[in-house]
Structures are given as structure tokens and as C-alpha cells.
1. Restricting the search to region 64-101, which residues are farther than 22 Å from residue 46 by Cβ and in a loop (DSSP other than H, G, I, E, B)?
2. Give the number of residues within region 153-189 that are closer than 19 Å to residue 23 by Cβ and open to solvent by less than 80 Å² (accessible area, probe 1.4 Å).
3. In region 87-113, which residues are farther than 30 Å from residue 127 by Cβ and either modelled with pLDDT of 95 or more or surrounded by fewer than 16 Cβ atoms within 10 Å (Cβ to Cβ) (or both)?
4. Being within 27 Å of residue 2 (Cβ to Cβ), open to solvent by 40 Å² or more (accessible area, probe 1.4 Å) and at pLDDT below 95: is that true of residue 39 here?
5. All but one of (1) over 12 Å from the mean Cα position of the chain (by Cα); (2) aliphatic (A, V, I, L, M); (3) over 22 Å from residue 132 (Cα atoms); (4) part of a helix (DSSP H, G or I) hold for residue 54; which doesn't?
6. Consider residue 150 carefully, then state whether it is surrounded by 14 or more Cβ atoms within 10 Å (Cβ to Cβ), modelled with pLDDT of 90 or more, in contact with a Leu (Cβ under 8 Å, 6 or more places away or on another chain) and among the hydrophobic types (A, V, I, L, M, F, W, C).
7. Given the criterion in a helix (DSSP H, G or I), in contact with a Cys (Cβ under 9 Å, 6 or more places away or on another chain) and within 18 Å of residue 25 (Cβ to Cβ), identify the matching residue among 146, 117, 109, 174.
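The values are calculated or read from the model by the stated rules, or taken from the named source; none is laboratory data. Here the structure is a predicted model, which means the values were calculated and not measured. When we count neighbours, we look across all protein chains shown, and the Cβ atoms used for this are built from the backbone with ideal geometry, even at glycine. The accessibility values were calculated without ligands, DNA or RNA, using every heavy atom of the protein model including side chains. Shrake-Rupley method; radii C 1.70, N 1.55, O 1.52, S 1.80 Å.
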Amino acid sequence: MVHYVLIFIAAVFVNNIVLAQFLGICPFLGVSKKIDTALGMTAAVAFVMVLSTLCTFLLQKYVLDPLGLAFLQTLAYILVIAALVQMVEIILKKVSPALYSALGIFLPLITTNCTILGVAIMVIQKDFTMLESLVFAFSTAVGFGLALTIFAGIREQLRFSELPKSMEGTPIALITAGILAMAFMGFSGVV
């Protein structure tokens, strides 16, 4: 049990996928203007990440490795992730049209979101069991969501701040992201 807690803490805080490993920067910067959209993106990424990690883990252990096709890992994973994202897109369109339209172009971008592919590859590289893989995927999604939501909250507050004209928009967002990444570096000694 302690092992799973350590995986959770490491994935959420210490090795945050966005702020420490710099994967998933596109949605981090693109979907972080409103907290509601950030939370929706977090839910979509969490669902796809856990499901794709499960599918790719099984694919690796029961198809690619036994048949000696491990060299097709990246291609096979991308195909699985693309299919899962299409499924999530169809479900969101039916269940929550408001969230579907709020996510706009970023929902299809989950297909190319390197956090999803990165986690699927990392669990194989770290030689995790299936349960460890699922805990890691969920924890990474929580870490992604935490970083995204904090950043969205800061960006919402920045709209009410008077900034020099040259700092408005992307410049202040990048500076804020850098400061947030340095703040998360403080967790590096925890695990």
C-alpha cells in the first residue's frame, strides 16, 4: 500500500508530467484560460490516460512482447490512443455538448498529447505491474489536472491585473508557468 502512495505522490508532485517532465505543454498553455475548461480537459485526459495505459499495457505484454514486435510499440500505442480519443469525443458530444464545445480543438489534440503516449511508454520502461501502471496513470492525470487547474486560476486572476502591454497574454503566461514549475521543484526531496 505504501508503494502505491509513493507512486501517487511522485507522479502528482515530484515528477509532475507538465512541470517537471515538460510533457503536455500544448494543452497546458491552450486550455488554461478558464478553470471550468481546465477541469473538463483534466477529466478527459484522466479517462483517456487510464484507459489507454490499460489497453497499451495489455497490448505490450500479451501481443507485442510474445510475438517479438516490441519495435512497433510507438505505432501501436498511437493507434490505440487515437481510437480511444475518438470514443471519448463521441461520448462527450452525446453526454455533455457544452463541455464538448468548450474543449473545441483541444479534444482532438488529446490524440497527439504527449502525456498520454509518454505515460503508456513509461509504465513499460519502469516495468510496472498492471496495478502499478493504473495507479501511475491515474496519479499522472491528477498531477496534470492539478498543474492545469492552478495555472488556470492564476491566469483568471491575471486578467484583473494591470500589466505592461508587452507582458499581456503569452509572455506573462510563460513566466507564470516557469514560476509554477520552480514551485513544484520544491517537492523534489519528498520521495
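1. 65, 66, 67, 68, 69
2. 10
3. Those that are farther than 30 Å from residue 127 by Cβ and either modelled with pLDDT of 95 or more or surrounded by fewer than 16 Cβ atoms within 10 Å (Cβ to Cβ) (or both): 90, 91, 93, 94, 95, 96, 97, 98, 101, 104, 105, 108.
4. No; evaluated as a whole, the condition is false for this residue.
5. (3)
6. Considered against the rule, which asks whether it is surrounded by 14 or more Cβ atoms within 10 Å (Cβ to Cβ), modelled with pLDDT of 90 or more, in contact with a Leu (Cβ under 8 Å, 6 or more places away or on another chain) and among the hydrophobic types (A, V, I, L, M, F, W, C), residue 150 comes out as yes.
7. It is 109.
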